[in-house]
Amino acid sequence: MGRETYWTEQPDELLHAGKKFTLAGHDTAATPGFAGDKAAGEKALADGGAILAELQSRLYAAGPTGERRSVLLVLQGMDTSGKGGIVTHVIGQMNPGGVSYYGFKAPTSEELGHDFLWRVHRRLPGAGQVGVFDRSHYEDVLIARVRQLALPEEIDRRYRAINDFERNITESGTRIVKVMLHLGKEQQKTRLLDRLDRPEKHWKFHSADVDERLLWDHYQEAYQLMIEHTSTSFAPWYVVPADHKWYARLAVQHLLIAALEALGLEWPTADYDVDIERKKLSAT
């Protein structure tokens, strides 16, 4: 069974956050476009891994030959929404040599001395690479809004700056895949309790996670505004239901495959005579 077996509709169309999108109107436990269960989803993820790996390898191989294009996956979501699992189970299917990963934390004192996009520019993927942002420049319009770390007019300026920034990098050859992992509040509670129940997961739990839950509605509002202001034709948002980890991983894999397929890359052609080199090699 291939990766398309259980897809009844293309998920990129169903998950795209277009005009009049409302976050509250989307079920966090849904599996849009996929008719199978968890077992089928895990099988499809495994099958899709070979496809993803080959497409990414073509991009990686083309980098040294002058290919300037790249792909950037932006992952945003509440704590426990599954960003790390996607990095492990989806990004892990690709050649690590062609992947540039960066997890954005609280800005350093040096970074605070620059515009908020300064540190992001420095982490963009190079030619032929798939870049992954685990959290991103969107923290500066999410946490900054909820925690009132910036004035409302500054948040509005940042929306515009982000759109200009993303337009510039797409025009320079970077295809952006922006994913908001849409997790339900009760599902987050279950996952946080699991971290407390299992000693091997204690390191993942932080008391601040509970404090952030108290601001859940404020974060949902901030995400809604983020999507309204920054889901554009050149860098749209995809809102992926995240209560089922297997579905979220499968959906993100599908979005990456679609992005890489859109590049239309073939394997680079040899810049030497293959037959001559084969004869030379045979003679050694």
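The values are calculated or read from the model by the stated rules, or taken from the named source; none is laboratory data. Nothing here was measured: the structure is a model prediction, and the numbers come from that model. With ideal geometry, Cβ positions are generated from the backbone for all residues, glycine too; neighbour counts draw on all protein chains shown. These area figures cover heavy atoms from the full protein model, side chains too; ligands, DNA and RNA do not enter into them. Shrake-Rupley method; radii C 1.70, N 1.55, O 1.52, S 1.80 Å.
Starting from 0.36 nm per residue, how many nanometres of slack lie between Ala30 and Leu117 once their C-alpha separation is accounted for?
Stretched fully, the Ala30-Leu117 segment lengthens by 27.9 nm.
Which residue, Ala17, Gly77, Met94, has the largest displacement toward the positive end of the dipole of the chain when charges sit on each Cβ (Lys, Arg +1; Asp, Glu -1)?
With unit charges placed on the Cβ atoms, the residue in question is Met94.
Solvent-accessible area per residue for region 187-233 at a 1.4 Å probe radius, Å²? Mind dumping the intermediate values first?
Details: 2890 Å² over 47 residues.
For region 187-233, the solvent-accessible area averages 61 Å² per residue.
Where does the chain land at 222 nm, in deg cm²/dmol rounded to the nearest 500, when only DSSP H runs of n ≥ 4 count, each adding -39500 (n - 2.57), divided by all residues? Intermediate results must be reported in sequence, preceding the final value.
Values: 12 runs with 135 residues, N = 284.
Per the formula, -14500 deg cm²/dmol.
Among 7-19, 215-227, how do they line up by average Cβ neighbours within 10 Å per residue, starting with the highest?
Working: 7-19: 15.2, 215-227: 16.9.
Averaged packing, sorted descending, gives the order 215-227, 7-19.
May I ask you to list the aspartates and glutamates whose Cα is less than 13 Å away from that of Lys245, ignoring any residue fewer than eight positions away on the same chain?
Counting by Cα, and skipping residues close in sequence, Lys245 has these aspartates and glutamates nearby: Asp37, Glu42.
What label, among (1) 48, 17, 13; (2) 34, 24, 18; (3) 31, 20, 17, belongs to semi-axes √(5λ) of the Cα gyration tensor in Å computed from the structure on display?
Recomputing semi-axes √(5λ) of the Cα gyration tensor in Å here picks out (2).
Structure shown: which of Lys43/Lys189; Lys19/Lys83; Lys43/Lys185; Lys19/Lys178 lie over 22 Å apart, alpha-carbon to alpha-carbon?
On the way: Lys43/Lys189 28 Å; Lys19/Lys83 26 Å; Lys43/Lys185 28 Å; Lys19/Lys178 16 Å.
Checking Cα-Cα distances, Lys43/Lys189; Lys19/Lys83; Lys43/Lys185 exceed 22 Å.
Taking the Cα centre of the chain as the origin and placing charges on Cβ (Lys, Arg +1; Asp, Glu -1), which of Ile155, Val252, Tyr272 is farthest toward the positive end of the dipole?
Value computed over the given set: Tyr272.
Show me the ranking of peptides 84-93, 172-181 by mean Cβ neighbours inside 10 Å, starting with the highest.
172-181, 84-93
Between Thr108 and Phe21, take the C-beta separation as r, use R0 = 35 Å, and let me know the FRET efficiency to the nearest 0.05. Kindly include the intermediate steps, with their values, before the conclusion.
Working: r = 34 Å, r/R0 = 0.97.
Efficiency for this residue pair is about 0.55.
Would you be so kind as to identify all helices of the chain, as entire DSSP H runs, whose Cα atoms reach 24 Å or more along the helix's own axis and whose mean Kyte-Doolittle hydropathy is at least -1.0?
Details: long enough: 38-62 (35 Å, 0.18); 152-171 (29 Å, -1.57); 245-262 (26 Å, 0.67).
Counting only whole DSSP H runs, the qualifying helices are 38-62, 245-262.
For Glu277 and Tyr159, calculate 0.36 nm times their separation in residues minus their Cα-Cα distance, and state this gained length in nm to one decimal.
Values: separation 118, 0.36 × 118 = 42.48 nm, distance 5.44 nm.
Length gained, Glu277 through Tyr159: 37.0 nm.
Whole angstrom only: what separates the Cα centroid of region 239-264 from the Cα centroid of region 104-156?
Here the two parts' Cα centres lie 23 Å apart.
Explain nothing, just the number: dipole magnitude of the chain about its Cα centre with +1 on each Lys and Arg Cβ and -1 on each Asp and Glu Cβ, in debye rounded to the nearest 20. Before the final figure, lay out the partial values.
Working: 35 positive and 40 negative charges, 83 e Å.
With only Lys, Arg, Asp and Glu charged at Cβ, the dipole is about 400 debye.
First compute the accessible area of region 93-217 with a 1.4 Å probe, then give the percent of it belonging to carbon and sulfur atoms. Spell out each step's value before the answer.
Details: 3340 of 6730 Å².
Ligands and nucleic acids excluded, carbon and sulfur reach 50 percent.
Any idea which of Ala283, Leu225, Ala62 is furthest toward the positive side of the dipole for the chain, if Lys and Arg beta-carbons carry +1 and Asp and Glu beta-carbons -1?
Comparing the listed Cα positions along the dipole, Ala283 ranks first.
Using the alpha-carbon centroid of each, what span in Å lies between region 64-89 and region 166-231?
Region 64-89 and region 166-231 have Cα centres spaced 14 Å from each other.
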